[in-house]
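To keep things clear, I will list the structure first and then write my remarks on it.
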Amino acid sequence: MNLHAQITLALALLGLTTSTLAQTSGPTTKTAKIGIIGAGHIGGTLAELWVKAGHPVIISSRHPDELKPLAEKLGPLCTAGTVQEAASQGDVILISVPYSALPQIGKDYAKELKDKVVLDTGNPYPQRDGEMADDARKRGTGVTSAEYLPGVKLVRTFNALRYQDLKSESNRKGEKVAIPLAADDPEAMKLAAQLVKDAGFDPVEVGPLSLAKEFDVGSEVYVKVLTAKEMREKLHLDEKK
């Protein structure tokens, strides 16, 4: 009996198969570490939801020492660090900062973020972010954020729901609350959709980054608590198939 046959027989005796073994090895969304840049209302809330779902998380900001109480509250799966540490150590990155900070993050951490799946939650507000916010609103945040974060697998998501609703509506009974997503990379979209589910919501894949404007500030679904069916109807997604 050759080595492969011996391994197959041993697995069979354990009630396993080689395909089962393959499925249990390698990184999954459950083992991927999530680096969060900006642990304010949205970032901090999602950190808590993902830790509850079993994800290891590193939260960061310009003042990491201020995040230590939150990290201690969330338990051993959560650590606090610098932005550089979150960007480099995270397998998946969530960026939740004022929109005007996005270009600098893209420049300062281009090496750390390169080729990673990056979830961008920021919304441009002219009164806070200046003229660049007007440009982002006009062109849409999907294409604009992609220019500020070159070299990443960008997903626009978690920008269209208030943090209070993220806290209160996660894993609610009945139909879950919908979270829209837009991405150009299919694998990034798939991974982000799973993270939306893990946070206790129902992902609605709107399409490529060019369609992220469909759930930007002022859209029909912005800061609306909707089911996936309701969101798809408002965005006419089934009609576009």
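Just so it is clear, none of the values below were taken in a lab; they were calculated from the coordinates. Just so it is clear, the model here is predicted, and its values are computed rather than measured. Using ideal geometry, Cβ is built from the backbone for each residue, glycine included, and neighbour counts are taken over all protein chains shown.
The table that follows gives values for the structure above.
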read-out	value
Inter-probe distance in nm under a simple model that places probes 7 Å from Cα toward Cβ, at R139 and D184	1.2
Fraction of antiparallel bridges per DSSP, the chain only, in percent to nearest 5	15
Potential extension, E72-S168 segment - 0.36 nm per residue separation minus Cα distance	32.4 nm
Förster radius 30 Å - calculated FRET efficiency between M132 and K111, Cβ distance, rounded to 0.05	0.80
Estimated [θ] at 222 nm from DSSP helical runs (n ≥ 4, -39500 (n - 2.57)) normalised by residues in the chain, nearest 500	-11000 deg cm²/dmol
Amide N proximity, segment 130-149 versus S210 label position 7 Å along Cα-to-Cβ, cut-off under 12 Å	143
Span-like helix ranges in the chain, DSSP H, alpha carbon extent 27 angstrom or more, Kyte mean at least 0.5	none
Largest to smallest principal axis extent of the C-alpha atoms in segment 97-204, angstrom	41, 32, 21
Relative intensity, log₁₀ I(q)/I(0), of segment 188-241 from a Debye sum that treats every alpha carbon as a point, q = 0.22, 0.25, 0.29 Å⁻¹	-0.95, -1.19, -1.36
For segment 92-134, radius of gyration divided by Kirkwood radius, i.e. Rg to Rh on alpha-carbons	1.01
Relative contact order for segment 117-197, counting Cα pairs under 8 Å that sit 6 or more residues apart, in percent	32
Max mean-square fluctuation residue, GNM over the chain, Cα-Cα springs under 10 Å, options G35, G142, G54	G54
Order by protection proxy (mean Cβ within 10 Å, highest first), peptides 114-124, 95-105	114-124, 95-105
Stretchable slack from H236 to V217, in nm (0.36 nm times residue separation minus alpha-carbon distance)	5.1 nm
Contact order normalised by residue count of the chain, Cα under 8 Å, 6+ apart, percent	15
Rg/Rh for the chain, where both radii come from Cα atoms and Rh is the Kirkwood radius	1.03
